[in-house]
Each structure stands twice: as structure tokens, then as C-alpha cells.
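The values are calculated or read from the model by the stated rules, or taken from the named source; none is laboratory data. If you're wondering where the values come from, they're calculated on a predicted model, not measured in any experiment. Reconstructed Cβ throughout: ideal geometry from the backbone, glycine too, with neighbour counts over all protein chains shown. Ligands, DNA and RNA are stripped out before the accessible areas are found, and what is left, the full protein with its side chains, is counted by its heavy atoms. Shrake-Rupley method; radii C 1.70, N 1.55, O 1.52, S 1.80 Å.
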Amino acid sequence: MLEPAPARLENKWDDARAERMSESEKLLYRSNLLGSDKRITNYGGGNTSAKVRERDPLTGETVEVLWVKGSGGDVGSIRMDGFATLYMDKLNALKGLYRGPAHEDEMVGYLPHCTFALNPRAASIDTPLHAYVPKKHVDHMHPDAIIAIAAASDSRALTAQIFGDRIGWLPWKRPGYELGLWLEEFCADNPDAQGVVLESHGLFTWHDDARACYDLTLDVIQTAMDWFAEKTADTPAFGGAVHQSPAPDDRRATAARLMPAIRGMVSGSQNMVGHFDDSDAVLEFVNARDMADLAALGTSCPDHFLRTKIRPLVVDFDPANPDVDATLDGLPAAVAAYREDYAAYYERCKHDNSPPLRDPNAVVYLVPGVGMITFAKDKATARISAEFYVNAINVMRGASAVSQYRGLPEQEAFDIEYWLLEEAKLQRMPAPKSLAGRVALITGGAGGIGTATAERYLREGACVMLADIDRPALGAAADRLADAFGRDVVRQVIMDVTDEGAVAAAYRDLSIEYGGIDILVSNAGIASSAPIEDTTLDLWNRNMDILSTGYFLVSRAAFRVMRVQDIGGAIVFVASKNGLAASPNAAAYCTAKAAEIHLARCLALEGAGAGIRVNVVNPDAVLRGSKIWSGDWLDQRADTYKTDKEGLEEMYRERSLLKRSVFPEDIAEAAYFLVSDASSKSTGNIINVDAGNVQSFPR
Ligand code: NAD
């Protein structure tokens, strides 16, 4: 079967809702409906348009305007401002300027001149494909079921067999002005056709009515899905399974060991973020007899390989005789061979004016029995690359079952990958943020300082895993941060820093979720207060366990992963002023904090050779946002100083040299500096963030 259940696409059009909409609103509605099902189009793939009568703001006359999805974005989540709007008469006038296929790229430069109503949304390269189809509504989708037809060696015959005259076929042509003219000519020659399959690319469908266009798109895709379901019902996919997958935990354990090693090898000017997928569709492929051969053919649809590189790296691993150490030993050579291959492809295909060679590392790593690992410059890109490779797997499954699967010819693939227009798009991308590609683990992440630090790192583009034992607070903090920064970049884990097994499990999760670690903020903490004669052994041990042993356990685990990655790292201990300065009635806490600080110094010494920096931030009296300052500690401190919470805040402020209160954000700022490149030459340091306290001056 091409697609497992649920088999049928759902028609979600609601006439009652659509009735009140303008034509452009209906276009938005249709686009979002189409994009809501990844079987209809892959993420960011495809586009939609409508030709709408609008009042010209200059002349007041009614003119025809093309509304078409603009450059970038995704039809599933597009909003009104995601559409470009262009005068149809001007788009038609461009035909007079066209100098032929060799000059089609220059036509992109004319598109801004056709803009209607000063719309700032840039028109995409696909604009002529919509403009010149003489129908009011046009959908261009990338459904796996259609691309499976488009990527078969006899795709023209298959298209005719499945759709008859209803849907036509056009040979592969890179999207652009010329393809727009091809579509116009096709429509003129085939006035009854309802759409066309583009070889190695996707589907076009059209209609003069918005809803009918939506219905048609669904119907054509469903027809292809049904056809494949019937044709492939009894055929084992990809030549049948030759590997068995181990249990999920074992798969994850293997992936958790491989990912930091790969990450280290592929992180260059920027660290890469990983993603792991062991879904059924992936396992079926990586376990199959034909996997390596099909993978070597490369992906077909341009959308696919722009995200996944033309082909994946198949990792040498035998799940029947699992030997992860041997696989790790072989990885450097495999990664180097992939790079050489990629550089040779560049050399073979480059033109005089091609942009320089880009990162030659693989994006997709297929591990028999285990699953698929992807690496990219950020989590969303790594995840989306994996989604695209699943699309490519679906395509290969369909095409290879009914025909012979064909990747795009190498030169065509290169010409898209290194297209000057594509390069211009890359050049326009904003510079990466200062922590882009970095992965941080923050213990005590549900607390005041932990959450503020997470927020600071997320603002700088990092991926963050919050670790804590306070489940409700952890969930609330992670939800709030995910709402603000997106689900991709926030993870949470219940982890008691004193529990060796829990620490190991959290690092395993982190490696699987993001590929490894660059930043550890060891911050989990408690506070306690008691005169020495009332300090129980339990209280003493609790302080030592959490503030000293816990810091040892999480750092040791970080060191282990960082050494495998071999790309350095930064560790910050959130200690305390009390680690340097004695404080009344808090011997256990102060001593544990002092041990923490000295542990940081020892680790700074040990880590320096591997580029692992270890520094300390010493807060003092951060009352707001801190849970420490809501329980017994508050009462005990208030009692010690014979005051209440407000009185304490005032007292600490007055006691400080700068006469200022210290907030979680102040600690976060220091914790940011100590992991950023701005402090890349600092290790073994202490930054006091305590508004000045002469007792705790480090020297
Ligand atoms: P907080 O109580 O708001 O946060 C501490 C977090 O650590 C809590 O969410 C708690 O659940 C978690 N935690 C406790 N034990 C844990 C364990 N065994 N495993 C995992 N997580 C555990 O307090 P905060 O002010 O944000 O404190 C953060 C760090 O700053 C602590 O190490 C604390 O000692 C230090 N510090 C705070 C102050 C201050 O005035 N707030 C001053 C000096 C030092």
C-alpha cells in the first residue's frame, strides 16, 4: 500500500463558511485546507492561486489580479499576507519581454514591476505557472501518490493509464517562466483537461470555481492513492524486509550513541541540530532489501532534495549483530567518503558562474534496523528534512512497486541546488543568531533562574531541554516557552540530578531529540537554613546530594557526550554568593555551594584541552520568581534577620554595594555571556551577580 490508513482524504470544505468569503478569502481557506493534510502536499511544497477582479487603487477601474502564494511559507499555515498580488495584464505583457529559455531567470526580476497595491510579499518563481493557466483557480500540489507516478520511468504512460485524458502530462522542466508558457500551451491544446502531472515534480489542477478546484484536487490525488493501493496490495515494499528492528528502547539507545558522533563530524562553522525518526514508514525502508540501491538513486522532487541533499548516507550497522562501537569506528571514513562524493558531484556539474560548494555533509543518515537520523542548522530544518525524506520514501515505495523509480538526472538536480536564484534566496536569509545550532540542558529548569536562562538562550536561537523534578512547574514552564519560541526548540524531562540512572536517561533523550549537547547549566537547587547544632545528617546530605553530587553527575554526563562530539562546550554552574562568603545558620548549604564552585574549577582544568569551558555564576538574594524564596528558606531567613519577605528584599538591596535588587533575568544574562562566543576565552571564572558584596569578592 502506498499510504497506510486512514485511506481516504477528507473533504473539509464547509459551504456555510465559504459563503461569506471573498474570492481571496476562499483562496486562503482552500490553501489552508489543502495544506492541512500532508498526503495532499508536503511541508512548504506547492502553491495555490486565484485570479480575482479587484478595484485598482490608482484608476478606480476593475482589473484582474493574480493572488498567488508568495515566496517561502507553507499553504497549510499561510495567512492573507503570504500571498503576492500581481496585475494580470502586466504579467501577460511580460511575454513581449521574454528572450527565450536561456534567459528565463531574468524574468524573475520583472515580477516586482507587476505588483498590485504595493503588496510587499515577494512573488515566487512559480508565479508564471499560475498566471498563464487560463482558469480562475489553480492548485499546484506535491502529493506523494502523484510524485510516485511522476518519478516512475514510464510516468507518462502511467498518468494516461490512471487518468485518461482528464489529466495530462508534461516532461521534467525546472520551474520558471518557460514552464509557465508550456502550461499555457498545454491548456490551449487540451481545453478539456483538468490538470497535468509534471514529470519528477508534482500536480497541477485548475477550475473556474474555488470549491470545485478543491474538490478536483482531492479527487485526483485520491484516484492515484486508490490506484496504488490496489496495485501494490500484495507486493512487499522495497523487495521485502532483510532486517528486523530491535525494540524501541534499543533503537533509541543506538541512535543516542550514533548521533553525538555524527554531530561532531558534521558541525563546522555552525553546530548542527539532529532529529531521529523510527516511524513505521522509515523502518520499513531501512530494513528492506532494496533500500541501499533506491537510496543511491537519489530523491526525485526538487523540494525533496533541496532539503535532504540528493542522497542519504547509509550507515553500516547490522541489527542482527549489533556492534555500535564498530559502527562508530567506521563512521569517520563513511562521512569523509560522502563529502568526497558530494564534492565530486559539484565538480562534475558546476558551471562557470555556479555559487561555491556548500556544506558537503549528508543531511540524512539511514541506519538499518534503527531508523533515520537527520542533521541541519536548526531543529525545524532537521525535522522537516526528515519529513521530506519520508515523502521521498513514499514516492520510492509507490514508483518502485509499479514501475522503476527514477531520481532526477544529476545535472538537473545540481542546476536546481546551485541555481543562482536559490543562492540569492540563501543570501537574503538573516544571519544566524548567536546560539543558533547550540543545544542546552538546564537543570532546575522549572525554577526562576532556570526558566529565565532558558528564555535568554531561546531568544538567541538555542534548543533547550528543561530538567526538573517538579512536574507541574516543569510542564507549565515548558509550555510557556514552547508557546513563545515554538515546539521544536523546547523539550522537558523529569530528572533528579542525584539519580545516576535518571541523568543518563535524560542525556539519552537529549541526544535523540537534538543530537547531543553544547551547553549545560547546572542550576538545580534547594536552600536550607539551620544552626549547625540543629543541622541533621539528612539535611547535610540533602544539600550535598543535590548541590554537589548532583552537579558532579550532570557534568560527568555532559563531558562524556561533549568528548564524543569533540566540538567543545560550555558549562555554567549556578552556585551562590554563599559558596564564597560564610552566612549565618546555613553551613550545609554554604559548604555544598563551595564544593560546587571548586568542582567547577577542577572541571575547567580537565575540560580545557577539549574546548570545554566551565564557569560559575554566583547569584545572591534573587527573591522574585524563585521558588526557593517561597518556602521554609524564606521563613528561616526572615526569622534570622527578624523581618518579612518585603523586608528581606529591602534588606538585601540595602546590604548590596550597588543598592539594587537582583532578578532571575540578571543571572540569565551572565549565564548567557558565559556560554556565548563573547566569553570564548574564559574558563574557570566566577561572575558574581549579587549587586556587589565585598565578602564574596573572588580575589
Ligand atoms: P527555584 O526553586 O525557583 O529553582 C530551583 C529548581 O531546582 C526548582 O524548580 C526545583 O524543583 C529544582 N530542583 C530541586 N532539586 C532538584 C533535583 N534534585 N533535581 C532536579 N531539579 C531539582 O530557585 P532558583 O532561585 O531559581 O535557584 C536556582 C539556583 O540558583 C539554585 O542552585 C540556587 O541555589 C541558586 N541560587 C539562588 C539564589 C536566589 O536568591 N534565588 C541565590 C543564590 C543561589
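Restricting the stretch 425-468 to residues that are part of a helix (DSSP H, G or I), open to solvent by 40 Å² or more (accessible area, probe 1.4 Å) and of a type outside the set (Lys, Arg), the residue that is farthest from the ligand (Cβ to nearest atom) is Gln427. Can you pull out every residue in the stretch 582-623 that is open to solvent by 10 Å² or more (accessible area, probe 1.4 Å) and out of contact with any helix residue (DSSP H, G or I) (no Cβ under 9 Å at 6 or more places or on another chain)? Result: Arg601, Cys602, Leu605, Ala608, Gly609.
Got at least one residue in the stretch 554-570 being open to solvent by 10 Å² or more (accessible area, probe 1.4 Å) and at pLDDT below 95? No, the stretch 554-570 has no match at all.
A single member of Tyr672, Tyr652 is among the aromatic types (Phe, Trp, Tyr), closer than 25 Å to Gly611 by Cα and within 16 Å of the ligand (Cβ to nearest atom), and it is Tyr672.
Contact map, the stretch 676-687: residues that are touching a residue at least 12 places away in the same chain (Cβ under 8 Å) paired with residues that are of a type in the set (Ser, Thr, Tyr), Cβ distance under 7 Å, separation 6+ or inter-chain. Pairs shown: Ser676/Ser434; Asp677/Ser434. If you go through the stretch 277-289 one residue at a time, do you hit one that is open to solvent by less than 60 Å² (accessible area, probe 1.4 Å), of a type in the set (D, E, K, R) and assigned to a strand (DSSP E or B)? Yes; the residues of the stretch 277-289 include at least one that is open to solvent by less than 60 Å² (accessible area, probe 1.4 Å), of a type in the set (D, E, K, R) and assigned to a strand (DSSP E or B). Are any residues in the stretch 650-699 hydrophobic (A, V, I, L, M, F, W, C), open to solvent by 20 Å² or more (accessible area, probe 1.4 Å) and assigned to a loop (DSSP other than H, G, I, E, B), and if so, which ones? Scanning the stretch 650-699 gives Leu657, Leu658, Phe663, Phe697. Being touching an Asp or Glu at 6+ places or on another chain (Cβ under 9 Å), at pLDDT 95 or above, under 13 Å from Ala224 (Cβ atoms) and open to solvent by 60 Å² or more (accessible area, probe 1.4 Å) is a property that Arg156 lacks. All of (1) polar (S, T, N, Q); (2) away from the ligand (no atom under 15 Å from the Cβ); (3) modelled with pLDDT of 95 or more hold for Ser548 with one exception: (2). Somewhere in the stretch 97-111, is a residue buried (at least 24 other Cβ atoms within 10 Å of the Cβ), under 35 Å from the mean Cα position of the chain (by Cα) and farther than 30 Å from Arg8 by Cα? Among the residues of the stretch 97-111, not one is buried (at least 24 other Cβ atoms within 10 Å of the Cβ), under 35 Å from the mean Cα position of the chain (by Cα) and farther than 30 Å from Arg8 by Cα, which makes the answer no.
Within the stretch 615-649, the residues that satisfy the criterion of being among the basic types (Lys, Arg) and within 13 Å of the ligand (Cβ to nearest atom) are Arg624, Lys627, Arg637, Lys645. Are any of the residues in the stretch 522-530 in a helix (DSSP H, G or I) and more than 15 Å from the ligand (Cβ to nearest atom)? No, the stretch 522-530 contains no residue that is in a helix (DSSP H, G or I) and more than 15 Å from the ligand (Cβ to nearest atom).
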